[in-house]
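Below is one structure; the comments refer to it alone.
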Amino acid sequence: MLHDPNRVYVFDTTLRDGEQVPGCQLATPEKIEIAKALEALGVDVIEAGFPISSPGDFQSVVELSKAVTEPIICALTRANKGDIDSAVAALQYAKRPRIHTGIGSSDMHIKYKFNSTREEILQRAVDAVKYAKQFVEDIEFYAEDAGRADNIFLAQMVEAVIAAGATVVNIPDTNGYCLPDQYGQKILFLKENVKNIDQAIISVHCHNDLGLATANTLAGIINGARQIECTINGIGERAGNTALEEVTMILKTHHALNLHTNINSKHFSAISAQVSRMMRMPVQPNKAIVGQNAFAHSSGIHQDGFLKHRENYEIMNPEDVGINQADIILTARSGRHALKHHLVRLGYELERINLDQVYERFLVMADQKKSISDDDILFLMSDGTEDSVKNGYKLSHLQVVCGDIQDPEAQISLEYEGTQHEASASGNGPVNATIKAIESVIGKDVQLKEFTIQAMHGGSDDVSKVNMKVFYSGKSYMGYGFSTDIVKASANAYLDAINKFL
């Protein structure tokens with residue numbers, strides 16, 4: 001068989017191995033939607049299901065065969081005629097069908113799963129491949145639990161099934177047991193000891209029980225495997241399968257390996273979110289490549305280095321995986337450089353800003369909140385830096401007492417043209433009491449027409465945005481206030497509106 005020696009084929013089993021996760025079962029229309037996304041991604045093989053397992057799985061393979069044109073459509077079977085017959089029937093509409101049949105190869109499986117012998121298992125493997133070959137040209141054979149199999153017997157099995165007609169031989173680390181060097185050496189042993197190995201592609205199918213699926217897959221490729229079996233987001237039974245996005249981005253990033261796939265990585269962010277949503281499997285924030293924090297920088301030292309030169313702290317372009325840009329996350333650990341970056345992004349002119357003062361207020365807010373949003377920054381920049389505040393009333397102090405045993409009472413201190421003005425008032429609520437106290441200082445006939453409160457993002461520590469419309473001397477004025485304290489946000493909004501007509 002002639003193949004580009006540097007081409008790595010991508011076999012996606014999201015819809016078969018990935019769907020075996022409890023709670024991740026999909027209806028056929030959902031499978032078709034994901035299959036089309038996988039086709040757009042550029043995968044070479046889609047394992048569509050296990051037809052004999054259920055009528056639903058059978059029908060999914062039938063419908064995916066009709067819906068998808070470019071990728072090979074693969075159906076899983078065990079090494080028996082009934083399974084293979086079911087797969088043949090399910091694949092009848094596939095443009096490029098493949099049957100994936102196999103049997104256990106480790107002594108553990110041979111003895112305790114099949115209650116058999118190596119000789120009998122070897123014969124069953126050969127018989128299954130020969131039978132499937134009568135109906136479909138492209139036959140993949142899996143040697144289940146190959147990670148724990150004896151290498152000499154495994155080589156004997158691989159040689160026999162290739163001779164029987166297998167075009168791909170899958171060497172799965174079914175239980176995620178192998179260390180990378182062990183798994184790599186196993187693949188190399190097959191390359192060097194199976195006489196007809198050049199007539200088939202070696203495939204690697206690794207599980208993540210010890211967190212080594214990606215490392216083992218890479219070790220297999222480096223030692224001669226040319227097909228990787230993986231899933232979107234690394235979903236799969238138990239701890240999951242090799243993550244498609246991880247291995248393919250490793251190959252794309254490490255040019256020295258001189259290996260390539262047909263994957264369009266710009267689709268990763270979208271298909272990751274699609275699979276996560278449809279299978280109800282959240283992606284952990286620190287997940288490589290597609291996690292929400294994969295391109296987020298929150299440490300002040302990292303942010304400073306990133307802003308000076310992106311490659312100080314990024315080895316991939318976020319655009320390459322479908323993310324618009326890296327995130328500079330503002331937290332209490334962020335430095336002035338990161339704050340300045342966001343101020344410029346939001347359109348502020350740095351020469352008109354006292355950055356040290358803004359940064360001091362930023363640190364106070366950052367200690368109150370886990371992260372700072374754009375709306376939080378707008379609040380910071382309106383809290384003492386706008387001309388309307390400099391030339392008008394500014395809230396210096398606010399204390400509100402309320403509860404079941406007394407009417408709410410507000411005590412305030414307002415600064416106006418360098419002078420402090422204090423007042424107190426009672427009301428039917430803390431906001432009403434605060435506004436009455438402000439009115440007693442202002443001494444103007446102001447009518448409050450509209451009052452709305454909005455949480456920016458959610459959570460008990462969130463910044464609230466208050467909008468107020470006031471009516472004065474025949475005209476309406478809008479005011480805005482921001483604070484983690486709703487009463488303070490309301491006071492700021494009221495003062496913002498008043499300052500606009502003073």
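Which residue, of GLU439, GLU422, GLU417, is open to solvent by less than 70 Å² (accessible area, probe 1.4 Å), among the acidic types (Asp, Glu) and more than 48 Å from the chain's Cα centre (by Cα)?
On the way: GLU422 fails: open to solvent by less than 70 Å² (accessible area, probe 1.4 Å); GLU417 fails: open to solvent by less than 70 Å² (accessible area, probe 1.4 Å).
Going through GLU439, GLU422, GLU417 in turn, the sole match is GLU439.
Only strands (runs of 3 or more DSSP E) wholly contained in segment 135-245 count here; list those with 3 or more residues that are open to solvent by 30 Å² or more (accessible area, probe 1.4 Å) and under 25 Å from LYS31 (Cβ atoms). Break it down stepwise before answering.
On the way: elements: 139-144, 168-173, 201-206, 227-230.
So the answer is none; nothing clears 3.
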Criterion violated by THR14 - all others in (1) in contact (Cβ under 8 Å) with a residue 40 or more places away in the chain; (2) open to solvent by 10 Å² or more (accessible area, probe 1.4 Å); (3) part of a loop (DSSP other than H, G, I, E, B) satisfied = (2)
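Have a look at SER483, SER490 and point out the one that is touching a helix residue (DSSP H, G or I) at 6+ places or on another chain (Cβ under 6 Å), modelled with pLDDT of 85 or more and within 23 Å of HIS397 (Cα to Cα). Steps first, please.
On the way: SER483 fails: modelled with pLDDT of 85 or more.
Of SER483, SER490, the one residue that is touching a helix residue (DSSP H, G or I) at 6+ places or on another chain (Cβ under 6 Å), modelled with pLDDT of 85 or more and within 23 Å of HIS397 (Cα to Cα) is SER490.
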Screening ILE498, ILE453 for residues that are farther than 18 Å from ALA410 by Cα, outside any strand (DSSP E or B) and at pLDDT 75 or above leaves only ILE498
Select, from ALA239, ALA219, the only residue that is aliphatic (A, V, I, L, M) and touching an Asp or Glu at 6+ places or on another chain (Cβ under 6 Å).
-> ALA239
For segment 396-425, pairs from a residue that is over 12 Å from VAL487 (Cβ atoms) and assigned by the TED database to the domain that holds ILE486 to a residue that is surrounded by 13 or more Cβ atoms within 10 Å (Cβ to Cβ) and among the basic types (Lys, Arg), with Cβ under 7 Å and 6 or more apart or across chains, are LEU414/LYS394; GLU415/LYS394; ALA425/LYS436
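The values are calculated or read from the model by the stated rules, or taken from the named source; none is laboratory data. As the structure is a prediction and not an experimental result, all values here were calculated from the model. Backbone-built Cβ (ideal geometry, glycine too); neighbour counts: all protein chains shown. The area values use the complete protein model at the heavy-atom level, side chains included, leaving out ligands, DNA and RNA. Shrake-Rupley method; radii C 1.70, N 1.55, O 1.52, S 1.80 Å.
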